[in-house]
Amino acid sequence: MADNEKNAVIILDSGKHFNVQSTVVEIESQITAEKEKGASLPTIKVVDESGREIWVNANHIAVFHEYVSGRPMVAFA
């Protein structure tokens with residue numbers, strides 16, 4: 001992945017947004033794998049837009065979607 005490439009947006013239940021290089025498919029795959037392990041607090045690894053690896057508690061993800069350039073972000077309520 002190229003540096004600063006945004007492929008997905010993760011919005012946590014706190015309303016905090018993460019723009020990530022990880023794709024929606026990668027995020028879904030990790031969440032599914034953690035659920036299959038029976039994890040009660042699954043954490044998943046994503047790559048932020050700067051290329052850093054970040055661990056996110058999947059239980060705190062309110063929504064994630066594909067990043068589309070030029071599409072306005074709607075505030076999470």
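At-a-glance table
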quantity: Helix 24-36 vs. the chain, principal-axis angle (Cα, 0 to 90°, nearest 10); calculated: 10
quantity: Anisotropy class of the chain from Cα gyration tensor, a/c 1.5 cut; calculated: oblate
quantity: Cross-link partners of Lys35 among lysines (Cα-Cα below 19 Å; sequence separation of 8 or more within a chain); calculated: Lys45
quantity: Relative contact order %, the chain, counting alpha carbon pairs below 8 Å whose residues are six or more apart; calculated: 37
quantity: Calculated [θ] (222 nm, deg cm²/dmol) that DSSP helices of n ≥ 4 give over the chain, each run adding -39,500 (n - 2.57); calculated: -5500 deg cm²/dmol
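Every number in this text was worked out from the coordinates using simple rules, so none of it is lab data. From a predicted model like this one, the values you see are computed outputs, not experimental measurements.
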